[in-house]
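The values are calculated or read from the model by the stated rules, or taken from the named source; none is laboratory data. Treat the numbers as computed from the prediction; the structure is a model and nothing was measured. As a convention, Cβ positions derive from the backbone with ideal geometry for all residues, glycine included, and neighbour counts pool all protein chains shown. Surface accessibility is based on the protein's heavy atoms, side chains included, excluding ligands, DNA and RNA. Shrake-Rupley method; radii C 1.70, N 1.55, O 1.52, S 1.80 Å.
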Amino acid sequence: MQRSAFGRLNMTLPAPTYDLVVLLDPQADDATRAKLLADTRASIEAQGELLRHDDWGERALTYPIDRKPSAQYHL
């Protein structure tokens, strides 16, 4: 902890860390999926810091979304 100019302790909290899971249609064009991921990364980096990106690949959904049984997961 640091002291302010007035001798008080600065008790600032660290910036919060959030998780974002992006589900993409595996049947979409590769270029479309790449653009969505790039736009998501740019949005995050405009206001914060991207700590890591994990591509989990295609996985089955618990329940269909728009009649699709699977999605490409990105954390």
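Listed by first and then second residue, the pairs linking a residue in the range 47-75 that is modelled with pLDDT under 95 and of a type in the set (Gly, Ala, Ser) to a residue that is surrounded by fewer than 10 Cβ atoms within 10 Å (Cβ to Cβ) and in a loop (DSSP other than H, G, I, E, B), with Cβ atoms under 8 Å apart and 6 or more places separating them unless they lie on different chains, are GLY48/ALA15. Selection of the range 40-65 for residues being open to solvent by less than 100 Å² (accessible area, probe 1.4 Å), of a type in the set (A, V, I, L, M) and within 12 Å of the chain's Cα centre (by Cα) yields ALA42, ILE44, LEU50.
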